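Just so you know, all these numbers are worked out from the coordinates, no wet-lab data involved. Every value quoted in this text rests on a predicted model; they were computed, and no experiment measured them. Ideal geometry is used to build each Cβ from the backbone, glycine not excepted, and the neighbour counts take in all protein chains shown.
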Amino acid sequence: MANIWNITAQFIELASLIEEAGGELTPEMDQELTITRESFAAKAEGYAKVILKLESEAEAAAAEIKRVQAIKKTKENTVLRLREALLQALLVFGQEDAKGIRRHETDLLKLSTRKSQSVEITDEDALPELFWVIKKEVSKSAISNALKAGEEIEGAALRENISLTIR
């Protein structure tokens, strides 16, 4: 049992080194990772533990990304509200120049309005076909069904995959 724990610790250390190297393997690392018939039982457990550890860390990273994205979205919404409030105040209280631009200057910054144009779609159904873009997309489910039904499709084939389950 002590041998298995030692191998597991070595694998965790090796996995950390691989991560630090950006996933690149040195020949020594590659040799250390090689599973032989003699080392299969001990290394299988080490591999499984490292895989579970890395999957857990990846899930934690995904959760952190979602948390940070929510913070980003909140900040962006706050910026939009503040910009709109400042624009409305500038329209009311700013000085208008000869070109119709509202301005306000302080020692630190300059505020001004700027006109632009954008397209607003009021009724998509009323738009002529000329203005529609059709997105071309492959239907893998339709291809799968056709291949399973015995059809031959150039550029596609069914591939059988084998995956690993760790419990």
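Observations, loosely collected:
- Cα gyration tensor shape for the chain, rounded if a/c is under 1.5, else prolate or oblate: oblate
- When the charge dipole of region 1-142 is built from unit charges on Cβ atoms (+1 for Lys and Arg, -1 for Asp and Glu) and taken about the Cα centre, the candidate among 88, 51, 130 whose Cα reaches farthest toward its positive end is 88.
- Helix 2-20 and the longest principal axis of the Cα set of the chain meet at an angle near 30°.
- Exposure proxy order (Cβ contacts within 10 Å, fewest to most) of 24, 160: 160, 24
- Virtual spin-label span in nm between residue 73 and residue 9, 7 Å along Cα→Cβ: 4.5 nm
- Remark: relative contact order (region 2-114) = 19 percent; criterion is Cα-Cα distance under 8 angstrom and separation of 6 or more residues.
- Residue order for 112, 118, fewest other beta carbons within 10 angstrom first, comes to 118, 112.
- Largest mean-square fluctuation among 60, 42, 126, in a Gaussian network model of the chain whose springs join Cα atoms under 10 Å apart, belongs to 126.
- In plain terms, the residue of 81, 102 with the fewest other Cβ atoms within 10 Å comes first and the most crowded comes last, giving 81, 102.
- FRET efficiency estimate (nearest 0.05) - Cβ-Cβ, residue 95 to residue 160, R0 45 angstrom: 0.05
- Per-pair calculated FRET efficiency, R0 = 45 Å: residue 121 and residue 143 via Cβ, rounded to 0.05: 0.85
- A DSSP coil position with no more than 11 other Cβ atoms inside 10 Å describes the following chymotrypsin sites (Phe, Trp or Tyr not before Pro) in region 60-167: 132.
- Angle between the chain longest axis and helix 40-93 axis [Cα atoms, degrees, rounded to 10]: 0 degrees
- Amide H contacts under 5 Å for residue 113: 102, restricted to partners 5 or more places along the chain or on a different chain, H placed in the peptide plane at 1.01 Å from N.
- Set of aspartates and glutamates with alpha-carbon distance to residue 72 below 13 Å, sequence-local pairs under 8 removed: 64
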